[in-house]
Amino acid sequence: MPLKRISSRKLLLLLVDILIIILSINLAFIIRLKEPTISYLGLNKGLFTILLMLAIFLTSFYIFDFYNTREKFRSIRFLANVIGSVILVSLISIGLFYVFPYMIGRGVFLISLILIEILIVTWRLFYPSFFKLTLPTRKVLIVGKGKPAEVIYSLIRKNPEYKVIGIIGDRSRKKGALEKKTLGNTLSLEKIVNDYDIDDIIVTTEPIRNKQLNKSLINCKMRGINIWDVPAFYEYFIDKLPVQYIKEHWFLFTHGFEKLGSNIYRRLKRAIDLVISSVVLIIAFPLGIIIALAIKLNSKGSIFFMQERVGENQKPFNLFKFRTMVSDAERGVPMWAEENDPRVTNIGKIIRKTRLDELPQLINVIKGDMSLIGPRPEREFFVKKLTEKIPFYSLRFSVKPGLTGWAQVIYRYGASEEDALEKLQYELYYVKNMSLFLDIRILLKTIRIILFGMGR
């Protein structure tokens, strides 16, 4: 499978954003102080200011999905993301201006903030039309039939960078989009590739027993055409692993999972866990006192909630949280927590929205039961149930559970077996592709959840 790369659309979005930010900062200096940034501050301070502002804005844009090309930029959700990015940039900038007061004043910052946000939003409103004129759409051919082909087709249709030219396989008895897209059978693969100038082929069938199909696919690959199977497509395009389409031998021969055996990575990750958890606990201690008082005044019961969870290698441990439900909320058979659970107290709703109820889990991180990043720890009752029903569910316990994780920042609140299956696909993607860079991406996405309660 080709290495993960930045798509041409994301790259252009990023490059134009950088240009907009630099021009807006300089224009703000000219409007307010009659000189561009470097002329007013000098070369060293000017470059430092521009680079720092670039880092602030680009980080904020990433946190709020400005580079998600599947995002609809003409929607209420995107408007909320814009507002969130403005707030986050302002909060970060206030702190930095206090440390580096020489950089820019309030007037310059306000003008630059207004200019950047207006231009960035305008750029994204017009980017679909711009890309259609400047970048060719990649042409995709699907080889296969049935449910996998239908799922792949529906996913690609949502991605503006790709266009399904057709399907190769037996004609479906069902009338619909796939029936109209059928171009022929596997014997005509190379001719169809030539006629339509195909860029990518997604194979949703098993080509192992079809020698002619194998030969045609190899010929296409030797011509520089990308060949994908279903797991590779999901991993590359959607950042998850489709467990329902994966067989056991796939785990034996696929790339990835290297970090599971890396002592250097594990020690570095552990050191980062200890440092960040200790610092956050110290900084958040006054906030913890306020939360504790609010819980005590709002409802009867203890301040903290302790529950046994299953950790790395399915070893049980006691997880700590601030109590968000009424006392004795669960009696008898364990129940899934719901997004609008009636058992949650008024204060509990607030601290759950911002994930502040999970602050005490930093103690679990320091103890070594958990990591900052990883699959969420689950209860033994549900683990046994889900292991029986969901393939490869036990593989999520190959790493320490996390305070936050890839599934938490990508997928909505889970409260069913169907949600558990969907989240597992993101969790296994994390286990397969673990890296410090991915951990940083998850931490950045978590900031939005903590500060604005905008996580899924």
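Here, each number is a calculation from the coordinates, and none is a lab measurement. Quick caveat, the model's predicted, so the values are computed rather than measured. Virtual Cβ from ideal backbone geometry, glycine too; neighbours counted across all protein chains shown.
Full extension of the chain segment joining Ser327 with Phe97 gains 78.3 nm, where the gain is 0.36 nm per residue of separation less the Cα-Cα distance. Here each label is just a point 7 Å from Cα along the line to Cβ, and for Lys221 and Asn298 those points are 5.6 nm apart.
Which helices pass in the chain if a helix is a full DSSP H run, must span at least 15 angstrom along its long axis by Cα, and must have mean Kyte-Doolittle hydropathy not below -0.5? Qualifying helices, which must be both long enough and hydrophobic enough, are 8-33, 43-63, 76-99, 106-134, 146-156, 263-298, 436-452. Can you tell which of Leu11, Ile50, Phe304 lies farthest toward the positive end of the dipole of the chain, using +1 and -1 charges on the Cβ of basic and acidic side chains (Lys, Arg; Asp, Glu)? Ranked along the dipole, the leading option is Leu11. May I ask you to derive the FRET efficiency for Asn44 and Ala271 from their Cβ-Cβ distance with R0 = 35 Å, giving the value to the nearest 0.05? Between Asn44 and Ala271 the formula returns 0.60. Computed extension gain for Leu187 through Leu33, at 0.36 nm per residue and net of the alpha carbon distance, reaches 48.4 nm. Below 8 Å, C-alpha to C-alpha, sequence gap of six or more: please give me the relative contact order for the chain in percent. Result for the chain is 12 percent.
The residue among Val326, Tyr236, Leu356 whose Cα reaches farthest toward the positive pole of the charge dipole of the chain, with charges on the beta-carbon of Lys, Arg, Asp and Glu, is Tyr236. Taking the helices alone, the chain has a mean residue ellipticity at 222 nm of -18000 deg cm²/dmol, built from -39,500 (n - 2.57) per DSSP H run of at least 4 residues and averaged over all its residues.
Annotation: amide H of Ile225 has no partner in the under-5 Å range at sequence separation 5 or more or interchain, hydrogens built in the peptide plane.
Sorted ascending by nearby beta carbons within 10 Å, beginning with the fewest, Glu117, Glu308 become Glu308, Glu117. With a threshold of 21 Å on the Cα-Cα distance, the over-threshold entries among Lys139/Lys181; Lys139/Lys191; Lys163/Lys423; Lys215/Lys247 are Lys163/Lys423; Lys215/Lys247.
Within the range 274-308, which residues have the backbone N less than 19 Å from the label spot 7 Å out from Asn346 along Cα→beta-carbon, could you tell me? Inside the label zone: 290-303. Excluding same-chain neighbours fewer than eight residues apart, the lysines reachable from Lys367 by a Cα-Cα span under 18 Å are Lys269, Lys315, Lys321, Lys400.
For a paramagnetic label modelled on Leu451 (point 7 Å from Cα along Cα→Cβ), amide N atoms under 15 Å away belong, within the range 47-85, to 53-66, 80-85.
State the number of lysine pairs found in the range 8-134 whose Cα atoms come within less than 18 Å, restricting to pairs 8 or more positions apart or on distinct chains.
Step by step, the pairs that qualify in the range 8-134 add up to 4.
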